[in-house]
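Beneath this line is the structure, given in structure tokens, with notes to follow.
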């Protein structure tokens, strides 16, 4: 049994490394083929790095490589990752940060299109896919992702931090290099963020209201599958007054919804399940730990 567990662990780690490496290649190609062609500034550490590079080039006349600036920007976020999130998570993220930087410095640029709208849309899609691949493998592309994840684990809204940092980058870029680029960069960031929200839902919560005749069994089932508790509300059907009804109320991770509903319907085929997104929660909520 221990041998199988070790084999599965090594396979998972190997898969994580392969996917993160692939995502780093995609990041670098996107930077050289879309981002630089359109003069777009992505969010976070990548956008800040490109902003510093352009400032150094235009106002000082020095061409600074991508890697040293990006690594320097990521020093504090990486420390937060090792200290508060997880060592394997952060180590894999460091591989993504360094590999993306090296590839962005070495691989040649290839212009696919000069249409700034297409660059903003498709560049944003590619960026969102690459970020999601890292997140799905329990890693990150670096920068404010570390801070956002740390704040989410503490129950705060990490999105606001990313919003403020990106706003500062865009305001600076707009003031120095023109507001048109800043506006197209907003389109890029919006598309990228939308793709991430669709593909990666670990930190999104979903509320379940389950009308069932087996509330205790359903509550136990949810806890066994998701590590989340439930509240049972007793009542009766408005149009079936002779039948007592129970409502099981629970908030679970969005990634667990389909599995939970399928199990609920097996236990009680007549259960009525209402599912909707939780905008914000406060209080104890089990979060899957990073390793």
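Every number in this text was worked out from the coordinates using simple rules, so none of it is lab data. Keep in mind that this is a model prediction, so the values were computed, not measured. Neighbour counts are summed over all protein chains in view; Cβ atoms, including those assigned to glycine, are modelled from backbone coordinates with ideal geometry.
Some notes on this structure:
- Placing pseudo-labels 7 Å out from each Cα toward the beta carbon at residue 276 and residue 239 gives an inter-label distance of 2.0 nm.
- The chain: angle of helix 116-136 to the longest principal axis, Cα-based, in degrees nearest 10: 50 degrees
- Relative contact order of region 24-174: 37 percent, from C-alpha pairs under 8 Å at least 6 residues apart in sequence.
- In the list (1) 1.07; (2) 1.02; (3) 0.97, the label attached to Rg/Rh (Cα atoms, Kirkwood Rh) as derived from the coordinates here is (1).
- The packing ranking, built from the mean of other Cβ atoms within 10 Å per residue, places the peptides 269-276, 256-263, 184-191 in the order 184-191, 256-263, 269-276, highest first.
- Residue ranges 75-85, 21-31, 48-58 sort as 21-31, 48-58, 75-85 when ordered by packing (mean number of other C-beta atoms within 10 Å per residue, highest first).
- The slack in the chain from residue 153 to residue 179, taken as 0.36 nm per residue of separation less the alpha-carbon distance, amounts to 5.8 nm.
- Against the chain, whose longest principal axis comes from its Cα atoms, helix 2-30 is set at around 40 degrees.
- When you restrict to C-alpha pairs under 8 Å that are six or more residues apart and normalise by the size of the chain, the relative contact order lands at 20 percent.
- Angle between the chain longest axis and helix 44-55 axis [Cα atoms, degrees, rounded to 10]: 10 degrees
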